[in-house]
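Visitor: Have a look at the structure that comes next, please.
The values are calculated or read from the model by the stated rules, or taken from the named source; none is laboratory data. It should be emphasised that the depicted structure is a prediction, and the values quoted were computed from it without experimental measurement. Virtual Cβ from ideal backbone geometry, glycine too; neighbours counted across all protein chains shown. These area figures cover heavy atoms from the full protein model, side chains too; ligands, DNA and RNA do not enter into them. Shrake-Rupley method; radii C 1.70, N 1.55, O 1.52, S 1.80 Å.
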Amino acid sequence: MATTALPYLPRYTNLINRSNTSLTNARASLTSFPPSRSPSEASQASHPSASHQLPMADTDRISDPSSNSITPSLDVSSQHSSLSAPRRPNADSKSSRKLRSQYPRSSAENHVEYILVASFDIDRGPVMEHQYPIAITGDENMLAELMLPDQAHARNQDWTIFFLHKDTSQEDEDEERRAKDRRRRRRRIRRARAAGIIPEENEEEAGLDDDGDDDGADDGSADESLDSEPEGGEGPPLVYVLNLVNTKHDKSAKRGAIVKAMAICTRHPFLHIYKPLLLLALEEYFKSPVPETLSMLYDAVNAMDLSLMPRLSILERHLLLASENRDLFVEKFEQMIQIRMAEDLERSAANGLSNGNHSPTKLAGISRAGTKAHVEGGSQSTYSVPRDTHEFESKVMYKGIPIPIKVPTAVMPETVGDFSLIKLIQNFSEPHVKSPQPFPLHPHLTTNGTHTHPIMVLVNGLLTQKRIIFLGHNMPSGEVAEAVLATCALASGGILRGFTRHAFPYTDLTKIDDLLNVPGFIAGVTNPTFENHPEWWDILCDLPTGRIKISSKIEPPSVTEGLLYFQQQHPNLATMASGTTNNNQDLTGDAAFMTDLLKSVAMRHGERVIRAKWRDWVLKFTRIAAQFEEGVYGASALYIGSEDQEMTIPGTGGHGYVWADDAAKNKELAGNVTRIEGWRNTRSYYSYIQDLAQVYTVRPLKGLDLAHMHDRLRMQRLSPTQSRDIYLTLSKYIHSYDEICLLLDVAPESHAGLFYLALGLFHKDREVRLKTAELLERISEHEAGQHWWKSMSRFEKLAYERLRREADAEMRVKLEKGGVSSGSERRIS
């Protein structure tokens, strides 16, 4: 009788391939092998409760009921179908968080807050004509001067960008404080419920509704902490202003021309999407200069529907921006459409019943934008998934004309507008390559000696908070502003903050007094007078010539305690670390990095690849800075947390950046000492510490440094025992959706993806090979991990399949020894 096998039914349910019914064709999961510890110990050890770790609800291991497909999913199968990983229902393959929109329909926030129009009067100068819907508080004359840059009349068209620091009212601050209190109370209640302190039936009394969502716009749940980007305590968000200036030549007008400017003010950093609308609206305003023209534009842009754009977590945004894959997270876009279609179905059914029509209206299906089915579908394809998940495709109806709009799905900090890092790098690299000019030595700036690459001088100046001017004499102010915005993103890498808030994409000579009151500004100007006043700036970037100059009036940095301590610890590197002598060695690795970067530009790898490389460089710099602080000061504010001894196997301890050996470590630290010491007293340093603290509260696996372990596999020659400990630790603790996202974040496709993890498939220890295969199987079932799986080499996939066949053979032997017949197996499967 099969009753003796019943206790094994739950265990064997997931071990046998459901598509086959014969014993000879059965396929066992690699998890079928007996673990090294008991099942109870395994379940407890998979997610140990450390004292500093947030309690995790059990619902993290339960699949989201709302994820059931209403329409068939898009085909994202691997091109090597025979080597594809098995696709079994897995509760951890999808996020347990409720999918929400970045810009819900119920949100009261407008895409555009103000529309401004200014003109140039021959007698009064720049004049503000209209402000819609209400006037912006502040100096109208200053706004009009910013909207009409120098030499605007000499060009038919020009673009400018500037920022407004709008103060929040007392009522806004009180409301924000109350909202934070509500979110904090909800998080405490959820944690208490997860710990079993508050029973579920008391949720309503505790003030927590069924889904933790008030109105969909501000969810107030614990998930919001992971979804939202930390602000670093910088204050209220900026108002970004995109301005268009047009000059119409008219012989009847004074001086033979009419100059007008129209600007859009928004809180969204992707303000470049409004350029086509500004072109049409300003042309219309020349024909009809009345407030109704502004009202038409204001209503059109604020009617833009972005409610189907999913809200991604911080880790998901990192993965999306670091990947070139156009299908990454396409399931989330599809799920948003499915939710909307379900709402439409309910609405149509309700309307049908109210009208006496019992047959609901047939709803349109889902198609992929740009495909033949979408084009031929016409009105039948109401909803479409974007052709590239990096951009959400929408449209704005202006005067009955649909204007296509592409909104970035993920935007990292300090990324404003549409700029090109490639253009910035090429502009200052080509003159340096053709005719190198030595820089005067400065410890903070010339980290590679007098022939430090100009781009590295610029980045060092940003990191150490120097005053930087971009001069574009006889250039359109829009090109100068673009260079300023690209520079802010360059030094930030999507990681550091404090640059954009103190940037002036375009300014003029009349505002020099205000500019000099801002420490560490980044400003764009077109007036050549700035070049003749080196006391106004520390670094001057001449855009027409592609040359960067260090001011002769720059203040030399003082000798810091950290530098002295490092020199005492490493006397043989004291001279190199001082930064006052010309050093031709590439201690920092910056010269090799710039060579690789320029090679990528020459090979046309694309803007996204270049941005990912700079993000890696900035992240590496912060990790090296943390190691420097720990070595010199004994502790670092850049490393938050502690190693959990219960989670780590001997041999997997440690954290921070990894070097091949101690000699390489000391040399690279010596090359970075002055740059790190200059950075430690800046806005971006303190903002980064605050960001780390906020992210740490929601980061999974607080007791493990996955980046450290992956870097050891990637950069060091490990013994079989050392690599065994790392592989087993990764397999033991990486299970949930967010944990796999964190692993993918430290193993991006630019760093060979899963290559170093997949090397565990060839380890001499059989247990390591099997556990690595289990981990890769979980990754392959993950929404994002499936794309990393597809990028694995055929050789690694064959190794995985070989392990699966071995697992099948061993399972068949076990089943035969256990007396399980093929009929029982069919019942089990």
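Visitor: Amide H to amide H, which residues 5 or more places from residue 113 or on other chains are under 5 Å from it, using H placed in the peptide plane?
Guide: Under 5 Å from the amide H of residue 113 lie the amide H atoms of 265, 266, 267, each far enough along the sequence or on another chain.
Visitor: If you scale each eigenvalue of the Cα gyration tensor by 5 and take the root, what three semi-axes come out for segment 645-716, rounded to whole angstrom and sorted largest first?
Guide: 24, 22, 8
Visitor: Using the basic label-point model (7 angstrom from Cα toward the beta carbon), what is the residue 122 to residue 532 distance in nanometres?
Guide: 3.0
Visitor: Hey, another quick one. Apply the Karplus curve 6.51 cos²θ - 1.76 cosθ + 1.60, θ = phi - 60°, to the phi angles in segment 263-276 and return the couplings in whole Hz, x for Gly and Pro.
Guide: With the stated coefficients, segment 263-276 comes to 10, 10, 10, 9, 8, 7, x, 8, 6, 5, 5, 8, 4, x Hz.
Visitor: Follow-up. Could you calculate the contour length gain from residue 280 to residue 164, that is, 0.36 nm times the residue separation minus the distance between their Cα atoms, to one decimal place in nm?
Guide: Numbers: separation 116, 0.36 × 116 = 41.76 nm, distance 2.44 nm.
Difference between extended and current length: 39.3 nm.
Visitor: Which residues does a label at residue 451 reach in segment 522-554, if reach means a backbone N under 18 Å from a point 7 Å past the Cα toward the Cβ?
Guide: From segment 522-554, the list is 548.
Visitor: So how much accessible area does residue 813 have, in Å² to the nearest 10, using a 1.4 Å probe?
Guide: We get 70 Å² for residue 813.
Visitor: Can you check what the net charge comes to around residue 273, using other residues whose Cβ is under 14 Å from the Cβ of residue 273 (Lys, Arg +1; Asp, Glu -1)?
Guide: Values: positive: 267, 275, 395, 406; negative: 305, 391, 393, 418.
Combined, the nearby Lys, Arg, Asp and Glu give 0.
Visitor: Something else: Using only the heavy atoms of the protein chains and a 1.4 Å probe, how would 686, 383, 633, 398 rank by accessible area, largest first?
Guide: Values: 686 115, 383 35, 633 80, 398 5 Å².
The most accessible residue leads, giving 686, 633, 383, 398.
Visitor: Still on this structure, I have one more. If I model a spin label at residue 511 and residue 397 as a point 7 Å from the Cα along the Cα→Cβ vector, what separation in nanometres do I get?
Guide: 3.8
Visitor: Give, in nm to one decimal, the length gained when the segment between residue 813 and residue 347 is fully stretched (0.36 nm per residue of separation minus the Cα-Cα distance).
Guide: Details: separation 466, 0.36 × 466 = 167.76 nm, distance 5.63 nm.
Roughly 162.1 nm would be gained on extension.
Visitor: While we're looking at this one, here's another question. Could you name the lysines in cross-link range of residue 667, using Cα to Cα under 17 Å and dropping any fewer than eight places away on the same chain?
Guide: Of all the lysines, those that pass the test against residue 667 - Cα under 17 Å, at least 8 places apart if same chain - are 620.
Visitor: May I pose another question? As an exercise, use a Förster radius of 30 Å and the Cβ-Cβ distance of residue 595 and residue 665 to find the FRET efficiency, rounded to the nearest 0.05. All intermediate terms of the calculation are to be shown ahead of the outcome.
Guide: Values: r = 22 Å, r/R0 = 0.74.
Once rounded, the FRET efficiency stands at 0.85.
Visitor: Something else now. Under 14 Å from a label point 7 Å along Cα→Cβ of residue 633: give me every residue in segment 552-595 with its amide N that close.
Guide: Counting only backbone N, you get 560-566.
Visitor: Report the one residue of 709, 758, 813 whose Cα lies farthest in the direction of the positive end of the charge dipole of segment 706-815 (charges on C-beta: Lys and Arg +1, Asp and Glu -1; origin at the Cα centre).
Guide: Farthest towards the positive end: 813.
Visitor: If you don't mind, another one. Return a whole-number percent for the relative contact order of segment 706-815, with Cα pairs under 8 Å and 6 or more residues apart as the contact set.
Guide: 27
Visitor: Got a sec? What order do 324, 482, 777, 561 fall in by accessible area at 1.4 Å, biggest, i.e. largest, first?
Guide: Descending order: 561, 324, 482, 777.
Visitor: Residues of segment 421-699: accessible area per residue at 1.4 Å, in Å²? Intermediate values should be presented prior to the final figure.
Guide: Details: 11080 Å² over 279 residues.
Roughly 40 Å² per residue, with all protein chains present.
Visitor: What is the spin-label model distance, in nm, from residue 108 to residue 697 if the labels are put 7 Å beyond Cα along the C-beta direction?
Guide: 2.5
Visitor: So, one more: Whole number in Å², please: accessible area per residue of segment 706-815, 1.4 Å probe, ligands, DNA and RNA not counted.
Guide: In whole numbers, segment 706-815 has 33 Å² accessible per residue.
Visitor: If 506, 696 are ordered by their accessible area, calculated over protein heavy atoms with a 1.4 Å probe, which sequence runs from highest to lowest?
Guide: Of 506, 696, the descending order of accessible area is 696, 506.
Visitor: Turning to a different aspect of this structure: Compute the length gained on full extension between residue 423 and residue 802: take 0.36 nm times their separation in residues and subtract their Cα-Cα distance, giving the result in nm to one decimal.
Guide: Values: separation 379, 0.36 × 379 = 136.44 nm, distance 4.77 nm.
Extra length available between residue 423 and residue 802 comes to 131.7 nm.
Visitor: Still on this structure, please answer the following. On the protein heavy atoms, probe 1.4 angstrom, tell me the percent of accessible surface of segment 712-829 carried by carbon and sulfur.
Guide: Ligands and nucleic acids excluded, carbon and sulfur give 50 percent.
Visitor: If you don't mind, there's one more thing I want to ask. Over segment 270-330, give the accessible area per residue in Å² for a 1.4 Å probe, as an integer.
Guide: Heavy-atom accessible area per residue stands at 33 Å².
Visitor: Check which residues have an amide H placed less than 5 Å from residue 395's amide H, if you skip close sequence neighbours.
Guide: Residues meeting the amide H criterion: 305, 405.
Visitor: In this model, which of 613/797; 166/549; 549/665; 260/287; 771/797 are farther than 23 Å apart at the alpha-carbon?
Guide: The pairs that break the limit, which is 23 Å between Cα atoms, are 613/797; 166/549; 549/665.
Visitor: For residue 395, list the lysines whose Cα falls under 16 Å from its own Cα; do not include residues on the same chain fewer than 8 positions away.
Guide: Candidates past the 8-residue exclusion: 275, 406.
Visitor: Also: Out of the total accessible area of segment 421-699 (probe 1.4 Å, heavy atoms of protein only), what percent is carbon and sulfur?
Guide: 53
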